[in-house]
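Student: Can you read through this structure? Questions will come right after.
The values are calculated or read from the model by the stated rules, or taken from the named source; none is laboratory data. Remember, predicted model here, so these are calculated numbers, not experimental data. Don't worry about glycine lacking a Cβ; one is built from the backbone with ideal geometry, like all the others, and counts go over all protein chains shown. These area figures cover heavy atoms from the full protein model, side chains too; ligands, DNA and RNA do not enter into them. Shrake-Rupley method; radii C 1.70, N 1.55, O 1.52, S 1.80 Å.
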Amino acid sequence: MSYLFSPLTVRGITMQNRAWVSPMCQYSAHEGVATNWHDVHIGSFATGGAGLIVMEATGVVPEGRISTQCLGIWNEKQRDRLIPIVEFAHSMGTKIGIQLAHAGRKGSCLPPWSERPMATLQEGGWECLAPSAISFGGKYPTPRALTISEIDKLIISFGNAAKRAISAGFDLVEIHGAHGYLIHQFLSPISNIRTDEFGGSFENRTRFLREITKSVRANIPDSMPLFLRISASDWLEGGWSIEESILLAKELKDLGVDLVDVSSGGTSSGAPVPVGPGYQVPFSDRIKNEAKILTAAVGLITDALQAEEIVASGKADAVMMAREMLRNPRWPLAAAKLLGAEVAWPLQLLRGQN
Ligand SMILES: Cc1cc2nc3c(=O)[nH]c(=O)nc-3n(C[C@H](O)[C@H](O)[C@H](O)COP(=O)(O)O)c2cc1C
């Protein structure tokens, strides 16, 4: 029996297996609207046997995007173009979620393959907003600190975006609280030096995320899972830590978060991250077993036996994979075969089985 290829039910949704596609920005949207590229990108995973696909970081407001070509879900046109993508995933028996995001001080970029990193206002760029007026460094400008009323509006925007995502047919919502983007900027004392109720103590730095969680939960059905991606550690002295992540997971569980998708880093490009196979799995292990919440592990998981061991040993309930899925979008079909597990192949591909 394979643990990786056993189903997982979270609230009213059952993922057929625990080999999942991690969210990946494609910088291929126009005015936040998905394009043919997204049909093919998501479609390739949908035909590849993954139990769940989480669509890329999707801006809840225009200035919440990472780049001018990132997806958005602040209007109905954007929602409507996501519907056929969701429908195709469902027709292949794959569940599909969407990652709701705000880039904060790391926004207003051009796609990474552009000649210059940042978009000018003429190119559709914007003034970046953050908890505090501290630049990420390098190419990034100094952001403007959000006012309390702007923070309140953003909390509502996350809820509205979640409501739109459900109406597009998504099976679940993931809040993007990782990688040095806006929510993580509030969590980390390195990027948040506010002196009001959104900065300072653990309770204050986590308030923005707690309020977003409540806002999203209030806008999605009880039967729908709510995932949260966090960076479990900044890997920096004086930064956000694994101990705080465990505490946060316990609190958010009570507010309706069902699964923590455990990543790390992103607050500073200079952080000494010990990148290597499965390097973030120990964080997932601790959060799962100390906060008693479902987790997904992510980061340099590329091999079927490695993924199987992570789930079988109880270090995570599922694995999320990004770059390996880009290289081989039908990775789960091959992994299931190697592990002697059953996974449904699309009928059109059956002749490729042997
Ligand atoms: C092209 C690309 C785009 C990404 N975009 C996102 C994103 O939208 N949201 C997110 O949380 N992580 C994003 N990531 C990070 C991945 O989801 C994943 O956490 C990371 O790549 C580590 O997993 P891997 O070793 O399997 O690639 C992206 C990674 C890649 C390679």
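Student: Pairing the Cα long axis of helix 148-167 with the longest principal axis of the chain, what angle in degrees results, from 0 to 90 and rounded to the nearest 10?
Tutor: Value to nearest ten degrees: 20.
Student: Determine ³J(HN,Hα), in whole Hz, for all residues of region 343-354 in sequence, where each value follows from phi through the Karplus function 6.51 cos²θ - 1.76 cosθ + 1.60 and θ = phi - 60°; x replaces Gly and Pro.
Tutor: 9, 6, 8, x, 4, 5, 9, 3, 5, x, 5, 10
Student: Sorted by average packing, counted as other Cβ atoms within 10 angstrom per residue and highest first, what order do 261-273, 61-73 take?
Tutor: Taking the mean over residues of other Cβ atoms within 10 Å, the ranking is 61-73, 261-273.
Student: What fraction of the Cα pairs in the chain, stated in percent, has a spacing above 27 angstrom?
Tutor: Result for the distance tail: 42 percent.
Student: Hey, another quick one. Give me the number: length gained by fully extending D152 to K139, i.e. 0.36 nm times residue separation minus the C-alpha to C-alpha distance, one decimal in nm.
Tutor: This chain segment gains 1.8 nm when fully extended.
Student: Could I ask something else about it? Using only Cα atoms, find the angle between the long axis of helix 242-254 and the longest principal axis of the chain, and express it within 0 to 90 degrees, rounded to the nearest 10.
Tutor: For helix 242-254, the angle is close to 80 degrees.
Student: Something else now. For region 63-170, divide the Cα radius of gyration by the Kirkwood radius and give the resulting Rg/Rh value with two decimals.
Tutor: 1.03
Student: Taking θ as phi - 60°, what are the ³J(HN,Hα) couplings along region 296-306 by the Karplus curve (6.51, -1.76, 1.60), each to the nearest whole Hz, with x for Gly and Pro?
Tutor: 10, 9, 8, x, 6, 9, 9, 10, 4, 5, 4
Student: Mind checking the full-extension length gain between S167 and R323? Use 0.36 nm per residue of separation minus the Cα-Cα distance, one decimal, nm.
Tutor: 53.2 nm
Student: Ignoring ligands, DNA and RNA, what accessible area per residue does the chain give at 1.4 Å, in Å²?
Tutor: Numbers: 13810 Å² over 354 residues.
Roughly 39 Å² per residue, with all protein chains present.
Student: Calculate the spin-label point distance for E290 paired with T302, positioning each point 7 Å from the Cα along the beta-carbon direction, and give it in nanometres.
Tutor: 3.0
Student: Could you work out what % of the accessible surface of region 8-347 is carbon and sulfur, using a 1.4 angstrom probe and leaving DNA, RNA and ligands out of the count?
Tutor: 55
Student: Enter the Cα centre distance for the pair region 221-237 and region 79-142, rounded to the nearest angstrom.
Tutor: 18
Student: OK, next. Taking the Cα centre of region 1-136 as origin, work out the dipole magnitude from +1 charges on Lys and Arg Cβ and -1 charges on Asp and Glu Cβ, in debye rounded to 20.
Tutor: Using Cβ point charges on Lys, Arg, Asp and Glu, region 1-136 gives about 420 debye.
Student: Obtain the radius of gyration and the Kirkwood radius of region 142-214 from its C-alpha atoms and give Rg over Rh.
Tutor: Rounded to two decimals, Rg over Rh is 1.00.
Student: Run the reach check for K250 against aspartates and glutamates, Cα to Cα strictly under 18 Å, same-chain hits fewer than 8 apart removed. What comes back?
Tutor: Filter leaves E174, E203, E211, D258, D261, D285, E290, D317.
Student: While we're here: Taking every DSSP beta bridge that has both residues in region 8-347, what percent is antiparallel when rounded to the nearest 5?
Tutor: If we restrict to bridges inside region 8-347, about 10 percent are antiparallel.
Student: Can you give me the Rg/Rh ratio for region 258-327, using Cα atoms for both radii and the Kirkwood formula for Rh?
Tutor: Rounded to two decimals, Rg/Rh equals 0.97.
Student: Would you mind getting the Kirkwood hydrodynamic radius of region 106-229 from its Cα pairs, rounded to one decimal in Å?
Tutor: On the way: mean 1/r = 0.0637 Å⁻¹.
Radius from the Kirkwood sum: 15.7 Å.
Student: Just grab the label-to-label distance for K77 and E197, each label 7 Å out from Cα along the Cβ direction, in nm (one decimal).
Tutor: My value for the distance between the label points is 3.7 nm.
Student: Taking the 0 to 90 degree range and rounding to the nearest ten, how far is the long axis of helix 76-91 tilted relative to the main principal axis of the chain, both from C-alpha atoms?
Tutor: Approximately 20 degrees, to the nearest ten.
Student: Further question: Can you list the lysines whose alpha carbon sits under 28 Å from that of K77, skipping same-chain ones fewer than 8 residues off?
Tutor: By straight Cα distance, K77 reaches K95, K106, K153, K163, K214.
Student: Could you work out Rg/(2.2 N^0.38 Å) for region 166-300, with Rg from alpha carbons only?
Tutor: Cα Rg divided by the expected 2.2 N^0.38 Å: 1.02.
Student: Quick one: putting +1 on the C-beta of Lys and Arg, -1 on the C-beta of Asp and Glu, what dipole do you get for region 8-347 around its Cα centre, in Debye to the nearest 20?
Tutor: 200
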